[in-house]
Amino acid sequence: MKVTKNYLITGATGFIGKNILNKIKRKSNTKIYYIYRNKKLRFNDSNIIGIRVNLENLNEIDKLKNILKTTNTIIHCANLAHNKYSKNTIKKINYLATVYLAKLAKNFNVKKFIFLSTAKINMNYDNIINNENNLSRNIKDDTYTNIKYATEIKINQIFKSTKVNCIILRPALVYGKNVKGNLKKIESLANFNLPLPFANAIEKKSFCSINNLINCINIILDSHIKSDIFLVCDDAYFSFKDILIKAYKKKNNKIILFPIKLFIFKFVFYLINKKEMYNSIFSRMILDNSRIKSKLKIKLYHNLYNTKY
């Protein structure tokens, strides 16, 4: 098989990275290298090669130098969620490792560097529709978001005046089959036929189907798109209540919702220092996906009810 493109995927054992890998492995004439830390993925494809790298150790990233000599595109998904790790560990993976990898990409003239960031950079909980330029007022208050934003700034500096096209994607909360994190916890609620106090959780929010995210990345891989920053989210909006109802319906369980005054929830969540959780459940947050749709000439038609992966 004649190989025409080499891809490197970091974070390929995670929910997003694994879905991306499974999509692009279908491309013809490609070789895919992926990074793993503990558990190697199993494939029958000879063109998919795993490399064990601990991104906390910058010296280990040097293992990639030989690969990067022929790499066309890096898809950088490796990421630590802010609620599980210390600030120091998050900085090592989300900032220092990313910056070091970007410098290597520059040195080896990689054509594209696709960086998975976060829509929390633009997440303002109010009645406006947020676009790429509407920076969140809470960036400095959230360790994870602050580090992601600082990483964006730094890698853009690294790639400035180079031939490397740096495409930064800021997806809203991504959902799909085998999703992890908070959405997985929501799905687990559907196992219990208990009344839930979320009848008033009706404010709409932007989410991102894994289908829409992967389709965007797939087009970016095959296009001549220049360096840019894009929000990625569905056209449709959903509330926390919508997600609960969908989870219960999926398991053929009956959902029982009852209302509680929002000021009571707000008081309790703020009292236990969970302001972000309150907003994620009860506040409105709508993102504008028009730029990426226009640039990629894509329709983001997948949503909570037709996502396949």
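In this structure, the residue pairs whose Cα-Cα separation is over 30 Å, taken from 84/205; 91/297; 27/92; 25/148; 185/226; 275/297, are 91/297; 27/92; 185/226; 275/297. Taken as Cα centroids, the range 267-309 and the range 162-187 sit 11 Å apart, rounded to the nearest whole angstrom.
Straight-line reach from residue 154: taking Cα to Cα under 19 Å and skipping same-chain neighbours fewer than 8 places apart, the aspartates and glutamates in range are 56, 132, 142, 228. Heavy-atom surface analysis with a 1.4 Å probe gives the range 41-130 a carbon and sulfur content of 45 percent of its accessible area. The residues of the range 269-309 have, on average, 62 Å² of accessible surface per residue, using a 1.4 Å probe with all protein chains present. Seen against the Cα atoms of the chain and their longest principal axis, helix 210-222 is set at about 20 degrees. Using every pair of separate Cα atoms, the Kirkwood estimate puts the hydrodynamic radius of the range 21-80 at 12.7 angstrom. Relative to the longest principal axis of the Cα atoms of the chain, the long axis of helix 262-271 lies at roughly 60 degrees.
Considering only alpha-carbon pairs that sit under 8 angstrom and 6 or more positions apart, the relative contact order computed for the chain is 17 percent. What's the carbon and sulfur percent of the range 187-292's accessible surface, probe 1.4 angstrom, rounded to a whole number? The value for the range 187-292 is 61 percent carbon and sulfur by accessible area. Relative to the longest principal axis of the C-alpha atoms of the chain, give the angle of the C-alpha long axis of helix 98-107, reported between 0 and 90° and rounded to the nearest 10°. Helix 98-107 sits at roughly 30 degrees to that axis. The residues of the range 76-225 expose on average 46 square angstrom of accessible surface per residue, using a 1.4 Å probe on protein heavy atoms. Applying the criteria of a DSSP loop state and at most 16 other Cβ atoms within 10 Å to the trypsin sites (Lys or Arg not before Pro) of the range 82-124 yields 84, 111.
Under 15 Å of direct C-alpha separation, and excluding same-chain neighbours fewer than eight residues apart, residue 69 reaches no aspartates and glutamates at all. Pairs of C-alpha atoms in the chain farther apart than 37 Å represent 17 percent of all such pairs. Which aspartates and glutamates does residue 180 reach when only Cα atoms under 20 Å apart count, and residues fewer than 8 places away in its own chain are ignored? Those aspartates and glutamates meeting the cut-off are 234, 242, 276.
The values are calculated or read from the model by the stated rules, or taken from the named source; none is laboratory data. This is a predicted model, so every value here is computed, not measured. Note: ideal-geometry Cβ built from the backbone for every residue, glycine included; neighbour counts use all protein chains shown. When the accessible area is computed, the model is the full protein with side chains, heavy atoms only, and any ligands, DNA or RNA have been set aside. Shrake-Rupley method; radii C 1.70, N 1.55, O 1.52, S 1.80 Å.
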